[in-house]
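Please treat every number below as a calculation from the coordinates, not as lab data. In this text the structure is predicted, and so the values were computed from the model without any measurement. Glycine gets a Cβ as well: all are built from the backbone with ideal geometry, and neighbour counts include every protein chain shown.
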Amino acid sequence: MIRFSSPKILPEPGRGTAPNLFQGGVVEGPLGQVVAYRGVAKPTPQTPCPTPSPSTTATRGPPSRTGEDMLHTELFASADDASGAALALAFAHQPDDHRPWLWVQDKTAIRQSGRPYRPGLPPSLRHRLIHVAADKAQDALFALEEGLRCRDLAFVVGEIAGNPAALDFTASRRLSLVSSRHGVPLWLVRLAARHDLGSARMRWDVASAPSPPPQWNTQGPGDPRWQADLFRAHKFQPGQWMLGHDGQHEALHAFEGGHGSPDHGGVVPDAAAGSLEAGQRSA
């Protein structure tokens, strides 16, 4: 049985209690009350930022958010933090797309990592979230497939824990075919799972990385960073990146060692002029 539920909306944190939205875990308010169970994304401006010029854009940035190769992506992550879901949203979020989006979790994923915390989402995503809590992985896969058939959804995020028997290669292939047929991107987060057979066009290993020191407030949380290992891709060369926001533009960039300026090359050995930027694919 699938239970459709709305994420529990808790009071907005007061001054001095704002959670680190990329660290996950439980955050307590001044009176000991829980004000956040998990954080998944950094609030972004209501209007999209201007497109950075080629001179300031990292040439080794994350994959394009459009195209067939990004329709079905798997991210393997620990269940101890929200790194997988956070990076999935960072990839999927497009400020100019105002359609609803779907987040599906099975019972084990909810128990290990918690439910989405709506006030921790980017403002443009908070009130468009449709959350599905499934008892079993089989029910979660059904909900994901049905969501991918709906072209009115901007994207679909799924969280499934471990390696359930229901999520075999056949089930993975079904998700890929439905996503490709209807053009709805799927970001499937595999919590505490081992690498198994799957048909996702891209498969990542994701982990949280230390944030750089904030530019203005040294006591505040820094911009988020993820250590991302693309170990399988159909049309891109696998490699390792330190991904994160550059502090100026609400877009993902690759960084050297997780700090400093965006990395402008040399992230993937022998990649020549190819990159994972939109329209620039490795040979």
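Expressed as a fraction of 2.2 N^0.38 Å, the C-alpha radius of gyration for segment 133-219 is 1.33. Between A166 and D152, the contour length at 0.36 nm per residue exceeds the Cα-Cα span by 2.4 nm. With the simple spin-label model, which puts each label point 7 Å out from Cα in the Cβ direction, the D229 to D135 separation comes to 3.7 nm. By the Stokes-Einstein formula, at 1.567 mPa s and 4 °C, segment 74-142 with its Kirkwood radius over alpha-carbon pairs has D equal to 100 µm²/s. Shape class for segment 94-188: oblate, because the ratio a/c of the largest to smallest gyration tensor axis (alpha-carbon atoms, square roots of eigenvalues) is 1.5 or more and b/c is at least a/b.
A DSSP coil position with no more than 11 other Cβ atoms inside 10 Å describes the following chymotrypsin sites (Phe, Trp or Tyr not before Pro) in segment 176-256: W216.
Does segment 167-211 come out rounded, prolate or oblate, given a ≥ b ≥ c as the square roots of the eigenvalues of its C-alpha gyration tensor, rounded meaning a/c under 1.5 and, failing that, prolate meaning a/b above b/c? Taking the square roots of the gyration eigenvalues as a ≥ b ≥ c, segment 167-211 is oblate.
What order, most packed first, do the peptides 170-176, 141-147 have when packing is the mean number of other Cβ atoms within 10 Å of each residue?
141-147, 170-176
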